Amino acid sequence: MQLKTTASTLEGIIWPRSLAGWLVIILLALSTLLLLSEAYKFSINYYKIYKWENAYGNLINLELSEDKKRVRLSYLYKIDGTEFLGNKISVYKTEWCDATDREIYRFNDIIKNSKKIIIKYNPYNKIDSVYAFDSGDMKIILFVIFPPLSFVLSFLLVVFMKIRSYINSGCQ
C-alpha cells in the first residue's frame, strides 16, 4: 500500500501533461543513459588503476596546447632500480588533459622545485603508468549521476504502477 501511495504522489509531481513534458522526460532519460555510460567507463578504468602500485617520480616536461587550456606532461619514475618514462594522465590514461591556470602553475612549480609526484603503475607491466589519479573522483561521479538517475527511476516506478493499474482494471 505504501508503494502505491508513493507512486501516486510521484505521478502528481512528475507525470508529463503535455508534449513538451514528454520531450523533457525523453531528453532527461537519454541524458541519464549517456551519464551512466560515461560513469561505467570511468568506474571500470578507476577500479583497474586503483589496484596498481604507487611509485614516486618527477615531472620532467610540461607542454601546453595552442589555446593554453590543455597540458601534456612527461614524468620519470623508478622501480627496482629501473627508470621508466610515462606521459599518461588521469583515470582515462590520456596524454593530454584540461588544466586551469592554477594547475599549470602548480605543475611548473613541481618541475622547477623537483618535487616528487605519485605515479600509479601496473605491477605486471611496469611501463604502464598514470599520473594525477585521484581516488576522490569516484565520489564526484556518484554525486553527479545520483539526481538524474533517481528521477528516471521514480518515473519508471510511476509507469510501472500505471501499467499495473491498467492491467488490473481489465485493460479497459
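The values are calculated or read from the model by the stated rules, or taken from the named source; none is laboratory data. On a predicted model such as this, the values are computed, not experimentally measured, just so you know. In this analysis, Cβ positions are derived from the backbone assuming ideal geometry, glycine residues included, and neighbour counts consider all displayed protein chains.
This table checks each residue for (1) under 22 Å from Leu33 (Cβ atoms); (2) touching a strand residue (DSSP E or B) at 6+ places or on another chain (Cβ under 8 Å).
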site	(1), (2)
Asp101	no, no
Lys112	no, no
Lys116	no, yes
Ile119	no, yes
Pro123	no, yes
Ile140	yes, no
- Scan segment 97-136 residue by residue and report those that are modelled with pLDDT of 85 or more, among the hydrophobic types (A, V, I, L, M, F, W, C) and surrounded by 14 or more Cβ atoms within 10 Å (Cβ to Cβ). Ile104, Phe107, Ile110, Ile111, Ile117, Ile119, Val130
- Message: Looking for something at pLDDT below 90, closer than 21 Å to Lys41 by Cβ and touching a strand residue (DSSP E or B) at 6+ places or on another chain (Cβ under 6 Å) - is there at least one such residue anywhere in segment 78-91?
- Response: yes
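Quick one: is Ala7 within 30 Å of Leu153 (Cα to Cα), surrounded by 13 or more Cβ atoms within 10 Å (Cβ to Cβ), touching a Leu at 6+ places or on another chain (Cβ under 9 Å) and at pLDDT below 85? Spell out the reasoning first.
On the way: within 30 Å of Leu153 (Cα to Cα): yes; surrounded by 13 or more Cβ atoms within 10 Å (Cβ to Cβ): yes; touching a Leu at 6+ places or on another chain (Cβ under 9 Å): yes; at pLDDT below 85: yes.
In short, yes.
Here are some residues: Leu33, Leu28, Leu64, Leu59. Which one is over 20 Å from the mean Cα position of the chain (by Cα) and modelled with pLDDT under 90? Break it down stepwise before answering.
On the way: Leu33 fails: over 20 Å from the mean Cα position of the chain (by Cα); Leu28 fails: over 20 Å from the mean Cα position of the chain (by Cα); Leu59 fails: modelled with pLDDT under 90.
It is Leu64.
Go over the candidates Tyr46, Tyr75, Tyr92, Tyr124 one by one and state the one that is touching a residue at least 60 places away in the same chain (Cβ under 8 Å) and more than 30 Å from Trp22 (Cβ to Cβ). Give the derivation first.
Values: Tyr75 fails: touching a residue at least 60 places away in the same chain (Cβ under 8 Å); Tyr92 fails: touching a residue at least 60 places away in the same chain (Cβ under 8 Å); Tyr124 fails: touching a residue at least 60 places away in the same chain (Cβ under 8 Å).
One residue alone meets the criteria, Tyr46.
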